[in-house]
Amino acid sequence: MLPKWYDRWIAENPKDIYGPAILIGVVGGAVLVAALLVTWGRPLPVEAVQTGPRGTGMSVTKFVADAATPDPTAAAYSTVPPVVPQIGDPRAATGVPNAEPLLADLTVANYERLVNQMRIWTGIPDLLAGEENYQTVVARRMIQMTQNLNENWSGHVNPNGNAGVNCYTCHRGQPVPSGVWFKVTPVSNATAGWAAVQNRVTPVSGSTSLPSDALEKYLLEAEVIAVHDLESRVAQNVTDGSSPTWQNAERTFSLMNYFDNALGVNCVFCHNSRAFYDVSQNTPQWALAQLAIGMVQELNNDYMVPLTEVLPPERLGAQGDVPKIGCLTCHKGYQKPMGGMDMISDWPELASSAPPVYQ
């Protein structure tokens, strides 16, 4: 039983005794967890894939549980083998009402097979149903884009076999693929220059304060990707636009961060961390990435941007721009889209703009 004066004093002078106790408990718990990690090691097993010379620390490390989990959307992929044409088989031009002109030379069987599968891949049940639907115009352009990718960009989409791409590579059953991007700059209307494009957390910047215009500048406008020189800036003119500044370096870091997240890798997947500036020490994946940058620039400028007047307002971004393609659109966070699955052998109609070759 405490004295009355003590109870009265406590009532007149309340103190927060729980806040400090909680803070001390949280800090103590964190210290304990850190000590356990240091002494016992990682609680979950990991595996490392070496990407460069031994002894350089060039490896991509993943939790074993994550590495063993395939892309869940790959399991939903469906395909249908082609129907080898026979002499006298009717063509879509005469056997299918309002047949898509790009595919009119296909046999009726292969035309229906391809169009039905495209509807499944994109989740658009009336795809190519008529000219009055804007999706018909978009689908026509996407067919041409897919043929171009498989025919002219095989060095990137098919470097080690018969992977290739088809509609499902990006769409995964959705009318608008995940991983597309829109312009978000300026992120601050009260400022101009560099201050207007960075220091605001945005999805395009990977939820960092790095510049949010990296995809716009590098994957659309094809600006040179560069970082500031190792030498002093004193002897260089940084106002003429020819010398990259530290802001250009930060924009480059923003792009590299996007690459890492899009493919589920880290910096040493392409670079030797002891010599980022030495291209000769980069991995073969660096060359594939360079090829991919040029490829995506072409896809955005030749195929996506021209659709600005075709798409309805609800398909455009806040600045009235079309959805654009990036690494994430195909890779979805994995090094190889669809785990490197063969996406084109069953679909020779999409392998090239030339007449398909059936086997």
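At-a-glance table
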| item | result |
| --- | --- |
| Residue list for the stretch 164-197, restricted to those being at pLDDT 90 or above and small (G, A, S) | G164, G173, S178, G179, A196 |
| Matching entry among I87, I143 (being surrounded by 19 or more Cβ atoms within 10 Å (Cβ to Cβ) and in the same structural domain as I344 (by TED's automatic domain parsing)) | I143 |
| Filter result (within 17 Å of V137 (Cβ to Cβ), under 20 Å from the mean Cα position of the chain (by Cα) and of a type in the set (V, I, T)) within the stretch 276-322 | V305, V322 |
| Condition check for N133: of a type outside the set (D, E), out of contact with any strand residue (DSSP E or B) (no Cβ under 9 Å at 6 or more places or on another chain), surrounded by fewer than 20 Cβ atoms within 10 Å (Cβ to Cβ) and more than 25 Å from P312 (Cα to Cα) | no |
| Condition met for Q198 (in contact (Cβ under 8 Å) with a residue 24 or more places away in the chain, touching a helix residue (DSSP H, G or I) at 6+ places or on another chain (Cβ under 8 Å) and of a type outside the set (A, V, I, L, M, F, W, C)) | yes |
| Number of positions in the stretch 117-142 that are at pLDDT 95 or above and more than 27 Å from the chain's Cα centre (by Cα) | 0 |
| Sole residue being at positive phi, more than 17 Å from the chain's Cα centre (by Cα) and not aromatic (F, W, Y), chosen from G193, G179 | G193 |
| Residue match in the stretch 202-213 (condition: buried (at least 20 other Cβ atoms within 10 Å of the Cβ) and acidic (D, E)) | yes |
| Residue list for the stretch 272-314, restricted to those being in contact (Cβ under 8 Å) with a residue 24 or more places away in the chain, out of contact with any Gly (no Cβ under 7 Å at 6 or more places or on another chain), surrounded by 15 or more Cβ atoms within 10 Å (Cβ to Cβ) and not in a helix (DSSP H, G or I) | L311 |
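The values are calculated or read from the model by the stated rules, or taken from the named source; none is laboratory data. Here the structure is a predicted model, which means the values were calculated and not measured. No Cβ is skipped: glycine too gets one built from the backbone with ideal geometry, and neighbour counts run over all protein chains shown.
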